[in-house]
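The values are calculated or read from the model by the stated rules, or taken from the named source; none is laboratory data. Being a predicted model, the structure only gives us computed values, none of them experimental. Heads up, the Cβs are rebuilt from the backbone with ideal geometry, glycines too, and the neighbour counts pull from every protein chain shown. All accessible areas refer to the heavy atoms of the entire protein, side chains included, with ligands and DNA or RNA removed. Shrake-Rupley method; radii C 1.70, N 1.55, O 1.52, S 1.80 Å.
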Amino acid sequence: MDTSLFSQALSQEPLLQVQNMSRFYGERIGCRNVSFQLWPGEILGIVGESGSGKSTLLRCLAALDQPSEGEIQLADGGQWLDVPALPEPKRRALMRRAWGIVHQNPRDGLRMGVSAGGNIGERLMDAGERNYGEIRRVARDWLARVEIDPDRIDDLPRHFSGGMQQRLQIARVLVSEPRLVFMDEPTGGLDVSVQAKLLDLLRALVRDMGIAAVIVTHDLAVARLLTDRLMVMKDGVVIEQGLTDQVLDDPQHAYTQLLTSAVLV
Amino acid sequence: MDMIRVNGVSKSFTLHNQGAATLQVLEGIAFAAGAGECLILQGESGAGKSTLLRLLYGNYKCTRGEILVRHDEQWIDIATAQARTILEIRRFTLSYVSQFLRVIPRVSTIDIVSGPLLARGVGAEIAARRAGDMLSRLNIPPRLWGLAPATFSGGEQQRVNIARSFIAHTPIMLLDEPTASLDAANRDVVIELINEARKSGVCLVGIFHDEAVRQMVATARFDILTAKQPEAA
Ligand SMILES: Nc1ncnc2c1ncn2[C@@H]1O[C@H](COP(=O)(O)OP(=O)(O)OP(=O)(O)O)[C@@H](O)[C@H]1O
Ligand SMILES: [Mg+2]
């Protein structure tokens, strides 16, 4: 029983560092004073009721919005990049290369007028792949991985069900093997049975690929299934954070106790 | 060789939404458990046995004291360790076995049971064969192996969970009534599995409500004295 045989050194450097990050909308607080670190392969959940600032935080992290104060730094090739300060073209290049965003509504993440294969292939071409045959082979392979019949490669996403569209969006994001993925309510608009399937799939993919992810959800069961660590937000502020099962099973803050007692998780 | 050292551990729960009542459950708990030992936690219902086990696993937050666990030749304090360190410890050193299977939707029984072997680099064929042997030992018939356990009976799920938990040992195993509600034949298999794990050097800390079972597995016992009365804040 030689544990050192299995043990792999924990990576020492975080992938993402956020310090005292705030986003104000005039007088209103989107989120305030958020600080955390995210390590490679780690999955962080952000929970809280609607309006608590989850999506604002995620949008700032994913560089879709600019923080009003504070720092967001991404480790890239041995140095720290100050994400909000990057010039637009550099930021776009980084977004294509290093991270992906899964939107709640697949229409926001897919090109609805482009075939399923084209949606996946586009990301590969962005990443520098030029061989048409290879692009089609990888696209078919990814359709199969997200459980869409590869023979539907030339169909338009609008002919897919909501669950299939969401799986296609996930394939489009993961095909370029990002190091970091942001997801906003990835199972939001789907019925429960479709949700369970998608969650299973997401969990397997993210774990197999060793991707770090930040997942916003209001659903504590989703958080328990997918995440390693949890941040609980209320009124724009992180009121509690820690190991996911500890936060859910032994919540310390009054609000978290209320949240976990409202549903069976 | 000690694997766990618990020093001055206290645990209280503050129920903010019930008038901030404070439940003082554990106070000044101290013990050690070593490799090749099976330490039984005992005390009356509500004394805090499960709470203590969950503290050891990092599932509950320790109010005071330290919970040292030997992980990869180092002592790590679960009470203060970072979330990612606790996850690493759980992956390699520390496992928790209850009577409940956390169902992984859609994964077949045989894959659930062989999973821990695959994670340790055992080849797929050998892993599947050993998983089958383990399931047979626990009287799960082959016709169920290809199915996901979501639709199994409570007792079948419980045995799948035990098969998965004992197929590859972690150096420390925490057991919360793993034999509860099993029939005598299956209970005896679990007792065998526990004793085999112990003889191979695993450190076990367990809760068993059945004194007959305790006598068959215990090498040491730790008494948790009766819980205090809840005090209003
Ligand atoms: N998450 C929690 N939040 C609040 N109180 C809790 C929590 N978990 C346990 N308790 C309380 O701690 C006390 C001890 O419970 P615990 O489950 O540890 O007892 P036990 O010794 O395992 O009992 P049993 O033999 O009945 O299983 C109980 O009063 C219980 O209500
Ligand atoms: Mg108990």
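Within the range B:196-223, the set of residues being more than 16 Å from ligand 2 (Cβ to nearest atom), more than 14 Å from every other protein chain (Cβ to nearest Cβ) and under 8 Å from B:Cys38 (Cβ atoms) comprises B:Val217, B:Ala218, B:Thr219, B:Ala220.
Evaluate the range B:203-225: report whether one residue or more is open to solvent by less than 50 Å² (accessible area, probe 1.4 Å), farther than 24 Å from B:Ile29 by Cα, not in a helix (DSSP H, G or I) and not β-branched (Val, Ile, Thr). No, every residue in the range B:203-225 fails to be open to solvent by less than 50 Å² (accessible area, probe 1.4 Å), farther than 24 Å from B:Ile29 by Cα, not in a helix (DSSP H, G or I) and not β-branched (Val, Ile, Thr). For the range B:17-29, indicate whether the set of residues that are surrounded by fewer than 16 Cβ atoms within 10 Å (Cβ to Cβ), within 12 Å of ligand 1 (Cβ to nearest atom) and without any contact (Cβ under 8 Å) to a residue 12 or more places away in the chain is non-empty. Yes. Inspection of the range B:113-123 finds no residue satisfying the criterion of being over 26 Å from B:Arg5 (Cα atoms) and in contact (Cβ under 8 Å) with a residue 60 or more places away in the chain. Report whether or not B:Lys61 is under 25 Å from A:Thr256 (Cα atoms) and within 16 Å of ligand 2 (Cβ to nearest atom). Against the criterion (under 25 Å from A:Thr256 (Cα atoms) and within 16 Å of ligand 2 (Cβ to nearest atom)), B:Lys61 does not qualify. Pairing residues of the range B:45-56 that are near ligand 1 (Cβ under 6 Å from one of its atoms) with residues that are open to solvent by 50 Å² or more (accessible area, probe 1.4 Å), at Cβ distances under 9 Å and at least 6 apart in sequence or on separate chains, gives B:Ser45/B:His209; B:Gly46/B:Thr226; B:Ala47/B:Asp223; B:Ala47/B:Leu225; B:Ala47/B:Thr226.
Has the range B:140-149 got any residue that is part of a helix (DSSP H, G or I), away from chain A (no Cβ under 12 Å), touching a residue at least 12 places away in the same chain (Cβ under 8 Å) and not basic (Lys, Arg)? Yes, the conditions are met somewhere in the range B:140-149. Here is the figure for the range B:50-85: residues that are farther than 18 Å from B:Pro171 by Cβ and open to solvent by 30 Å² or more (accessible area, probe 1.4 Å) total 12.
Is there a residue in the range A:236-244 that is away from chain B (no Cβ under 11 Å) and part of a loop (DSSP other than H, G, I, E, B)? The answer is yes; a qualifying residue exists.
Kindly list, by first and then second residue, each pair from a residue in the range A:194-209 that is modelled with pLDDT of 80 or more to a residue that is open to solvent by less than 10 Å² (accessible area, probe 1.4 Å) and among the charged types (D, E, K, R), limited to pairs with Cβ atoms under 7 Å and residues at least 6 apart or on different chains. Close Cβ pairs (under 7 Å, with a partner that is open to solvent by less than 10 Å² (accessible area, probe 1.4 Å) and among the charged types (D, E, K, R)) do not exist here. When the criteria are applied in full, A:Ile46 meets the requirement of being part of a strand (DSSP E or B) and closer than 30 Å to A:Leu190 by Cβ.
Restricting the range A:138-161 to residues that are within 17 Å of A:Leu124 (Cα to Cα) and among the hydrophobic types (A, V, I, L, M, F, W, C) leaves a set whose member that is farthest from the chain's Cα centre (by Cα) is A:Ile153.
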